[in-house]
1. When the chain is modelled as a GNM with alpha-carbon springs shorter than 10 Å, which of 37, 81, 105 fluctuates the most?
2. Can you tell me which of 128, 21, 66 moves the most in a GNM of the chain? Springs connect C-alpha atoms under 10 Å apart.
3. 222 nm [θ] for the chain, helices only, -39500 (n - 2.57) per DSSP H run of 4+, per residue, to 500?
4. Tabulate in residue order the Karplus-calculated ³J(HN,Hα) for region 24-31, using 6.51 cos²θ - 1.76 cosθ + 1.60 with θ = phi - 60°, rounded to whole Hz; enter x for Gly and Pro.
5. Determine the sum of side-chain charges near residue 72: Lys and Arg each +1, Asp and Glu each -1, restricted to other residues whose C-beta is under 11 angstrom from that of residue 72.
6. Under 10 Å, Cα contacts only: if you run a Gaussian network model on the chain, which one of 90, 58, 15 comes out with the highest mean-square fluctuation?
7. Where the only charges are on Cβ atoms (+1 Lys, Arg; -1 Asp, Glu), what is the dipole of the chain about its Cα centre, to the nearest 20 debye?
8. Would you please give the residues with an amide H less than 5 Å from that of residue 95, counting only those at least 5 places away or on a separate chain, with H modeled from the backbone geometry?
Amino acid sequence: MSDSDAVDTGENDVAYRVMTVESVTFELGDASPQVNLMEAEMPYRYLSVPIALPEAQALHNALVGVQGRRPGTHELTSEMLARLRSDIIAARIVRCEGGVFFAELDVMTPRGRERFDCRTSDALILAVRQNVPAPVLCAEEVLANF
């Protein structure tokens with residue numbers, strides 16, 4: 001990996017790779033739906049993250065631009081962020097322990113930058129739901145282990 005392919009966030013020298021949300025799939029033989037991510041640049045590695053069925057539906061709806069009749073939790077949160085003049089800078093997948101992925105949202109607010117620990121599915125859904133979708137970043141260490 002060249003230095004130009006990684007995003008250096010200045011946080012403990014952790015390198016992050018930019019990912020795209022490719023699809024949400026559910027195979028009948030699998031225990032849960034999968035979010036399929038792919039690196040935006042070479043070597044184009046894939047990462048599949050298991051998520052719960054309601055979040056898979058919410059992510060699918062966000063990807064295709066479907067709004068519910070009444071705002072769901074992610075739609076409400078996105079609207080609140082917009083009205084409070086806060087932007088999601090990035091959704092980061094920071095680590096994976098025992099098959100569980102950990103994420104955080106990096107948010108710029110009028111009072112400064114804030115970071116929130118959250119479920120990976122929530123980070124992805126909220127990133128996609130922004131007026132201009134926020135980048136999805138994955139720690140190089142996570143990608144190297146899959």
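1. Fluctuation is largest for 81.
2. Residue with maximal mean-square fluctuation among 128, 21, 66: 66.
3. Values: 4 runs with 38 residues, N = 146.
Rounded to the nearest 500, the figure is -7500 deg cm²/dmol.
4. Here the 3J(HN,Hα) series is 10, 10, 9, 9, 4, x, 8, 6 Hz.
5. Numbers: positive: 69, 70, 129; negative: 55, 75, 79.
Taking every Cβ under 11 Å from that of residue 72, the sum is 0.
6. So, out of 90, 58, 15, the one fluctuating most is 15.
7. Details: 13 positive and 22 negative charges, 155 e Å.
Computed about the Cα centre, the dipole is about 740 debye.
8. 102
Every read-out reported here was derived from the displayed coordinates using simple, explicitly stated rules and does not represent laboratory data. This is a predicted model, so every value here is computed, not measured. All Cβ positions, glycine included, derive from the backbone under ideal geometry; neighbour counts span all protein chains shown.
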